[in-house]
1. Answer rounded, prolate or oblate for segment 428-477, using the Cα gyration tensor with square roots of eigenvalues a ≥ b ≥ c: rounded when a/c is under 1.5, else prolate when a/b is larger than b/c, else oblate.
2. Between ALA14, PRO353, VAL200, whose Cα lies farthest towards the positive end of the dipole of the chain when Lys and Arg beta carbons carry +1 and Asp and Glu beta carbons carry -1, centred on the Cα centre?
3. With axes computed from alpha carbons, what is the tilt in degrees of helix 368-392 against the longest principal axis of the chain, rounded to the nearest 10 within 0 to 90?
4. Dipole of segment 267-319 (Lys/Arg Cβ +1, Asp/Glu Cβ -1, origin at the Cα centre): which of TYR295, LEU311, ALA275 lies farthest to the positive side?
5. Specify which labelled value, from (i) 1.00; (ii) 0.94; (iii) 1.08, agrees with Rg/Rh (Cα atoms, Kirkwood Rh) derived from the coordinates of the model shown.
6. Please go through segment 240-334 and write out the trypsin sites (Lys or Arg not before Pro) that DSSP classes as loop and that have at most 16 other C-beta atoms within 10 Å.
7. State, to one decimal in nm, how far the label point of VAL430 lies from the label point of ALA23, with both points 7 Å from Cα in the Cβ direction.
8. Under a point-charge model restricted to the Cβ atoms of Lys and Arg (+1) and Asp and Glu (-1), what is the dipole moment magnitude of segment 265-316 relative to its Cα centre, in debye to the nearest 20?
Amino acid sequence: MELHIRLEGRKGLADQLYQQLRAGIDSGHLAAGTQLPPTRLLAEQLGVSRKTVAEAYSRLTYDNLLSAVVGRGTFISPRHARQPAPAEALPLAAADSLKRWQQRATVLTQRALDAPSRYDFIGGASIKAQFPFDQWRSCLQYALRRSQRHPDRHFFAQGLPELRDAIAHHIAYARGVHCSAADILVCNGAQQALDLIARVLIEPGCPVAMEDPGYSPARQLFLALGARLQAVPVDAEGLCVEQIADGTRLIYVTPSHQFPLGMPMSERRREALLARAAELGALIIEDDYDCEFRYQGPNSDALQRLDRHGLVAYVGTFSKTLLPELRLGYAVLPEAVLQAACVAKHLSDLHSPTLQQWALARFISEGHLSKHIRRCHEIYSARRGRILARLEGDLAPWLSAVPANAGFHLSALASPGVDVELLTNLARKVEVGLYSLAPFYCEAPVRPGLLMGFGAIELLDIDPALDRVRDTLQRIS
């Protein structure tokens, strides 16, 4: 990287270089600890003698602005670095729009900013110890070889055919989804899938229905796009379909593992939802975010399997099953929606990272994903069982679990008189991360309780953590 220096004329070159380097250091543009080029290299870049550069460096060193480290080079001294003066920002004409977007922050955004507790029951997260890094590294190396041999430099927005084919086979086997590779759009996580679908369907004032309580990033996304949102309550069978308003164009649901409460939508309610969507001509977004993990009862297929009229957009992700850093998800879309979403995807970011797509396709086709899910299923099942045993045991006077048979979080409703917000605050002081259900409610009366994830806490840590929760509950009761 070349240092930005501009010398004029052929006189006083050392002084010009000294002044420009000093100005860069004083303004903070040349940060503390920055290594300067060797004198010979900088002299060649500037077209001057090495003596000229050495003289400027020597003066800066004498002023204690530079320090030389034997065997390493010349660096800007940290004690003399100054921060650049902030520029005076002028108000923008779009200030009101920017403010509205700033207010779209969700409870999940705040969680990312909080320091993790020693014992953390955060939902939607997993421990990386289970991830097969060796197999993934091998798949990445394969992807690099493919990239080296691949003649094309441009790729389709819809995603690599190899990955779409692998996804189609996986979700048909694991979730009963009816689709082919041609129906799938590869995205940067499930959140981008939601964004693309909503972007091509929602116009300002468009009626959109979703569960209450529900997934707050989806709610904020719909509102940001100008939707007129209807918060539809849920009961023990899931979304109360009969309350979906006339004129609704889009319906967002989590039928297999309702977020955040956890209960599955009943078969009767699923049939009613499809009938109501057909009556309205509305598209249903089925967010199947963590349902590869099921613990009891018969496997419940995806809602999309019951769809006979192209009314369901099925959304899934690998960020929860594998690694959050992977940021790869997908959507199975009806043809008309697929074509529009592919255009939106192309305009948004052209396509998802190709190297990761090749690697993931290999990872799935070689059976590593299925093995990883089976291995994690045993781990999560044991953790879930331990939490349920404690909720049915010494924690029963204060908390009761919501029936759920999938995913890697469960919800526990608080008994009357339990101050959940106080509990979460006091629990953090004893290094236990607990999370209230309240932020996920929109209009429905809040049912006080906790969202308890078990993907990011080790089995042996559950009892010590819940002992602290019990002791805290006893103090505040």
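1. On the way: a/c = 2.89, a/b = 1.50, b/c = 1.92.
Oblate, because a/c is 1.5 or more while a/b does not exceed b/c.
2. The residue sitting most towards the positive pole is ALA14.
3. 60
4. ALA275
5. Recomputing Rg/Rh (Cα atoms, Kirkwood Rh) here picks out (iii).
6. Sites meeting the loop and neighbour criteria: ARG308.
7. 6.2
8. Using Cβ point charges on Lys, Arg, Asp and Glu, segment 265-316 gives about 220 debye.
Each value in this text was obtained by applying a stated rule to the coordinates, not by laboratory testing. Keep in mind that this is a model prediction, so the values were computed, not measured. Virtual Cβ from ideal backbone geometry, glycine too; neighbours counted across all protein chains shown.
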